[in-house]
Every structure is written in structure tokens, then in C-alpha cells.
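Notes follow once the structure below has been shown.
The values are calculated or read from the model by the stated rules, or taken from the named source; none is laboratory data. Because the structure is a prediction, the values reported are computed rather than measured. Here the Cβ positions follow ideal geometry from the backbone for every residue, glycine too, while neighbour counts run over all protein chains shown. Protein only, heavy atoms only, side chains kept; ligands, DNA and RNA dropped before computing areas. Shrake-Rupley method; radii C 1.70, N 1.55, O 1.52, S 1.80 Å.
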Amino acid sequence: MEKAQRCTGNHAHLLNSQMHLCLKFQRNPISLTVVCGLMLFALGLISILTGHVASYIDHHSCRLINNAFLPSKMYRNYPVPPIDLWNSKSSNQYYGCSSRGPRFHHATRENSSNGYLLIATSGGLNQQRTGITDAVVVARILNATLVVPELDHHSFWTDNSDFHDIFDVDWFISSLAKDVKVVKRVPLKVARNMERPPYTMRVPRKSTPIDYLDQVLPILLRRRVVQLTRFDYRLANNFDEDLQKLRCRVNYHSLRFVNPIEEMGEKIVMKLRSMTDRFIAIHLRFEPDMLAFSGCYYGGGEKERNELAQIRKRWATLPDLSPESERKRGKCPLTPHELGLMLRALGYDNNTYIYVASGKIYGGEQTLKPLKDLFPNYYTKEMLAGEELKPFLPFSSRLAAIDFIVCDKSDVFATNNNGNMAKILAGRRRYMGHKRTIRPNAKKLATLFMSMKQMSWETFSRKVKLSQKGFMGDPEEMRAGRGEFHEFPYSCICKIGDENKSMNKVEHSLQQYALYLKGLAEPKKEW
């Protein structure tokens, strides 16, 4: 109505102007006729054009409204770019690069360091791995001698394995010799001269290098031995690139599993390879502690609510959470069934072989049945290793290490959550050649799963593919500052031809071959 009034006003203004000009030229009849005719022609032309524009705007406004609010045919047939299910197309353009820079001087000798740093890690195997990695960097920052870190024996998993039971401690020490001095224990002479037990402190999470220099170094200089407790994610995400590369050298090269664990992992991979050319490894984090900690609800009624509520009491500081809100925010791990649906929607058929890495699944076989129905070629380490697995069964961290090896060597790695193992493996697989790694876009998928019954399988599949764009482990997903550095090691990923921080392709191949000879890289087909 307002638009129509404005248009009427504009026409009236034009008519008034025309009449004024006509009166002005009354003395000259010929000029008056010509000018008035031209004015009328111009007014008619403007009216025609205005009508066309209004009609065009009205037509396209309706199309925009329909596209926004109605399930139009054009939206239903929205083209989805094809997904390479087993490889990332541009992965061969990138490689892991974590060599020392020219400014990164050699480690200080033990007798010249500022003291001894003791580290007590926290959590499960992969959470402790982040602590070990960051401990080396902190020792470098403090110019300290690092004592081989202690593993957590009191977490939910209650595993009494020590560092040397899981990691090759001699290799850990020797491989880091140029970066940080590492010793197995505080020398007896230093221990005898200590007047009191080691000073123990817990630094805040995400502390910066400056924080360590301000808060820890003065105590280390005074006491000579300092212990940092519950050491997990105690180092900031972003800092100097040389220190970030040190993180990568520790995580991807210095932390090597002991031979019994490596050999068991390799045997399981070989058995899978004897059955199929390629397989998906799934990290299924669906144990009771995980579900309780998440604060989510999975449809098990009062029984589930009561059981998980009892487990939640172990963490006194956990806030009360709304299961519905957490699911909408994408904070709930996918169920085994949902993970299977996501993979099938992406295009993996029911002939695909899957290896499932998990602990004790909440709900047991009843929970796993829908996933097994979707992927009948379902295997676990227990199924593939049989009696050979017995020596490892009492130790959850050693079992987790075996799963880590199989997941790392899989053609595709998928997870139902974004926990510690998922992050560490995602970062490692990026560094080792951007192998296909799928993490769920849980926020968007939650909405799709809730409305799945109201759409066809084709529509659901199309929407899953669109939702997972950017969550498939492609090199393009990497950018500085995105997520945890352990998951996105951007300082340690080089692109072939990048003159700023990479070498040419021939030099890269030579470097990779040298690493292979040292047992630090896998063989390439072109060799």
C-alpha cells in the first residue's frame, strides 16, 4: 500500500511538472505541442519500464520465499559434489615437515640445565600422550632436564602400566637428544642433596611459555627439582613455530610403542589385509563413563538415567546439563547405529570391512546390533587376535595402544566423538599424508537424525554428505588456529612447491626414504 502511494505521488509530481512546462510555452503553440508530446512519450515509456521491473521483482520475490520455506524441487535435487570415499584428492600435495629450524639450538647439557622436571600425566593413554608431548616442550622452554614422565595409575581405567611398558623409552631419550635432555630418573647425587621432597605444583590449563617462565622457572632454580601434576593440556595452543615443530617430532616420531604392542597391532592389520584390500577403522567411544560425562540421553529410560547419574557422581564439579540442549549443540557422541547410518549415507556399502576399536560398550550386543546389521563384515581385536591377546587383557592402555596402531594404518578412520584418541589420530593421519579421516559434524547430524523419518533415504544421504563437507580429513580443512594443535598440526604440514617452508618433491622423497630406513616412515609405492 505504501509502495503504491509513493508510486502515485511520483506520477502526480511528473504530471504537475508537465502542466507547468505546458503553461510556460503557451505563447509558442508549435513549441508547446512538440514539448508536451515528448513529455507524454517519456511518461509512457517510464510507466512501461516500471511495470516490467515491478513484475520482475514480484516474480523473483516469490521464488526466494518459496526456496526459503518450501521443499521445492530445485532444493531436493541440489547437486552434491562427489566424495572420494577412500582418498583425499589433493593429499599428495602435502606432507609432514617438523625438522629443526636453523635458529633452534641444541639441547643444554644435563649439568648446565636449570634443574629436573618431573611430570605426572593424567587420564587415559591418548590424554597422557598429549601430556608427554607438551612436557618435552615445557622442558625446552625452562631449559630443564626432563625425567621420563610418570603414567596415571589412578584414572577410570586403573592401569598400572609404566612408560617403559608402553613406549620405547630408550628410543624416546635418544631421538630427542638434540632437543631436550631426557633421563630415566633424578640422579642419586641430586636426590641426596635435596633438603625436602620435590616441590609439587599444578599449572593452569593452556598456560603460555611466559607463564612457565614466570611461575615455574623461579621455583625450579631455587629447588632444582619440580614436579608438575595432572599434566594434560597444560600448554597453550598457539606459540613459536619451532616449539610447535618440536611437539610434532615428539608426537609423531619419538613416541614409539614397544615391540610386543607394535607386533600385535601389525598382526591384526595383516589379518584384515588378507581378507580385504581396504577397511575402515572406527573408534567407538560409547563406554558408560563417556556417556555419563557427556550428560546426554540415549533412549534407555529410567534405567539408563539412574545408571549414568551414579557414574556422574565421580566428578564432583560436573554441572547439571540438559540432554536435549547438549544434543542440539552437537556435544553428544553418536550412537553405534547413528555412526553406521552416517557412513552408509556417505556411500560405504554393506560389503565394507570395518574394524571397531572400543572398550566395554554401554548396552552390549543390543547396542551394537544395528551397526553390525549395516556392516556385517565387523571385526575387533578380540575377534582377530584370539588367544594371542591374553597377555594384554589386564592392561587397558596396552589394549588402547593396539587399537591406535590398527586405526592409524587403516584406509579410513572414523569416530563417533571428538575425544582424545580421535584428535590425536586425526592429527597424526594429517601429518602422515592426509589419510581419509571422518569426524562427525554432530551439530548438523543431530538435526538430521531427529527428522530422518520425515524424508527419503536419498534426501537423507544428500544432506549427510552436505553436512560432512569440511569434516572428511581433507588438507583444505587445515588452518592456523583451528581447534587443538594435536588435531590440526598446521605448523608441521608443508605443501610441495611452497617456497616459504618446504623443499621440492625430490628432496621430500629423499627425506621420506631416509626416515623409512630409520623406521620413522612407511614405504611408498613409487620406491
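Remarks
- Single match in L448, L343 (criterion: farther than 14 Å from A281 by Cβ and either under 25 Å from the mean Cα position of the chain (by Cα) or of a type outside the set (F, W, Y) (or both)): L448
- The set of residues in region 318-340 that are among the polar types (S, T, N, Q) and at pLDDT 95 or above contains only T335.
- Among the residues of region 269-295, the one identified as free of Cβ contacts under 8 Å to residues at least 24 places away in the same chain and over 19 Å from T380 (Cα atoms) is A292.
- Only one of S254, S274 that is touching a Phe, Trp or Tyr at 6+ places or on another chain (Cβ under 9 Å) and modelled with pLDDT of 95 or more: S254
- Residue in region 87-108 that is open to solvent by 30 Å² or more (accessible area, probe 1.4 Å) and β-branched (V, I, T) present: yes
- Single condition H434 does not satisfy, out of (1) modelled with pLDDT under 95; (2) open to solvent by less than 10 Å² (accessible area, probe 1.4 Å); (3) over 22 Å from R278 (Cβ atoms); (4) not aromatic (F, W, Y): (3)
- Verdict on I311 being more than 30 Å from P102 (Cβ to Cβ), out of contact with any Asp or Glu (no Cβ under 9 Å at 6 or more places or on another chain), open to solvent by less than 50 Å² (accessible area, probe 1.4 Å) and of a type in the set (A, V, I, L, M): no
- Selection from region 116-139 of residues that are surrounded by fewer than 22 Cβ atoms within 10 Å (Cβ to Cβ), more than 21 Å from R285 (Cα to Cα) and not aliphatic (A, V, I, L, M): none
- Here G124 passes the criteria (1) out of contact with any Leu (no Cβ under 9 Å at 6 or more places or on another chain); (2) modelled with pLDDT of 95 or more except the one numbered (2).
- With respect to (1) at pLDDT below 95; (2) in a loop (DSSP other than H, G, I, E, B), the lone exception for P376 is condition (1).
- Inter-residue pairs, beta-carbon under 9 Å, first over 13 Å from L284 (Cβ atoms) and in region 374-389, second of a type in the set (D, E, K, R) and open to solvent by less than 30 Å² (accessible area, probe 1.4 Å), 6+ apart: L389/K381
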